[in-house]
Amino acid sequence: MHISEGVLSAPVLAGGAALTAAGLAAGLKGMKPEKVPQVAVLSSAFFVASLIHVPAGPVSVHLVLNGLNGLILGWAAFPSIFVALTLQALLFQFGGLTTLGVNTFNMAAPAVLCYFLFRPLVRGRSPAWAWAGGFATGFLSVGLGAALIGLSLALTGEAFLEAAGVAFAAHLPVMLIEGLLSGFCVSFLRKVKPEILGVTS
């Protein structure tokens, strides 16, 4: 889900950078010192998951884990994802520094949205609804991220409309896999470490 350098127009790059700066400010403002290790662990998980690329036609897809990141961290998903993407750009040339703002927003914004939409389900008493909330988080966060990638390309020019459609279609199976993975992760965390999800007994 990385957009490479030299693809997007200057206005799209500037808009992405501004939106990510706002998200980073919100995430850092609300991040308590005791939450830093949690942010680091989830940033590492995001970093590793995004390294395994599977070719799908003209694009490649990979696990993202942005939904799970957002579900646990809320606004702190912005700095978590930003750090991982920065390291990937510097170490492996995935994405790039000029597209860092757009790439961060495309992955972190859906994560934060899913936090607000599905956190009540995950925190509820029903294990079945909690699993459903986890599934919806993983499924929708990847879907929205792919849609934002498509929008970024479409706003750059009509020549990228076909590529935007291909990028979204290629992520459909990833949406399902991330949904299942997130659902099972939520069920597991509710049993062994419910406080991470904000679940109270």
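The values are calculated or read from the model by the stated rules, or taken from the named source; none is laboratory data. Small disclaimer: the values here were computed from a predicted structure and weren't measured. Glycine also receives a Cβ, built like all others from the backbone with ideal geometry; neighbour counts cover every protein chain displayed.
The table below lists the values:
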| quantity | calculated |
| --- | --- |
| Of residues in region 29-46 being touching a helix residue (DSSP H, G or I) at 6+ places or on another chain (Cβ under 6 Å) and small (Gly, Ala, Ser), the one surrounded by the fewest Cβ atoms within 10 Å (Cβ to Cβ) | GLY30 |
| Output for region 27-44, where each listed residue is touching a residue at least 40 places away in the same chain (Cβ under 8 Å) and assigned to a loop (DSSP other than H, G, I, E, B) | GLY30, MET31 |
| Pairs where the first residue, in region 107-121, is over 11 Å from ALA136 (Cβ atoms) and the second is of a type in the set (A, V, I, L, M) and surrounded by fewer than 22 Cβ atoms within 10 Å (Cβ to Cβ), C-beta under 6 Å, 6+ apart | PRO110/LEU144 |
| Residues of region 1-21 that turn out to be crowded, with 19+ Cβ neighbours inside 10 Å, of a type in the set (Val, Ile, Thr) and modelled with pLDDT under 90, as a count | 1 |
| Residues that are assigned to a helix (DSSP H, G or I) and among the polar types (S, T, N, Q), drawn from region 1-21 | THR20 |
| Total residues in region 86-105, condition within 15 Å of VAL7 (Cα to Cα), of a type in the set (S, T, N, Q) and either in contact with a Ser or Thr (Cβ under 8 Å, 6 or more places away or on another chain) or in a helix (DSSP H, G or I) (or both) | 2 |
| Residue in region 127-141 that is buried (at least 18 other Cβ atoms within 10 Å of the Cβ) and in contact with a Lys or Arg (Cβ under 8 Å, 6 or more places away or on another chain) present | yes |
| LEU24 vs. criteria surrounded by 22 or more Cβ atoms within 10 Å (Cβ to Cβ) and either assigned to a helix (DSSP H, G or I) or modelled with pLDDT of 95 or more (or both) | no |
| Count - residues of region 157-200 that are surrounded by fewer than 14 Cβ atoms within 10 Å (Cβ to Cβ) and in contact with a Lys or Arg (Cβ under 6 Å, 6 or more places away or on another chain) | 1 |
| Top-ranked residue in region 87-103 [being of a type in the set (A, V, I, L, M, F, W, C) and within 21 Å of ALA147 (Cα to Cα); ranked as surrounded by the most Cβ atoms within 10 Å (Cβ to Cβ)] | VAL102 |
| Residues (of a type outside the set (A, V, I, L, M, F, W, C) and under 13 Å from GLY133 (Cα atoms)) located in region 156-201 | GLU178, GLY179, SER182, GLY183, SER187, ARG190 |
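Residue-wise test of (1) farther than 16 Å from ASN66 by Cβ; (2) modelled with pLDDT of 85 or more; (3) outside any helix (DSSP H, G or I).
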{"position": "VAL122", "(1), (2), (3)": "no, yes, no"}
{"position": "ALA132", "(1), (2), (3)": "yes, yes, no"}
{"position": "ALA136", "(1), (2), (3)": "no, yes, no"}
{"position": "GLY143", "(1), (2), (3)": "no, yes, no"}
{"position": "LEU151", "(1), (2), (3)": "yes, yes, no"}
{"position": "LEU155", "(1), (2), (3)": "yes, yes, no"}
{"position": "GLU162", "(1), (2), (3)": "yes, no, no"}
{"position": "VAL186", "(1), (2), (3)": "no, yes, no"}
{"position": "VAL199", "(1), (2), (3)": "yes, no, yes"}
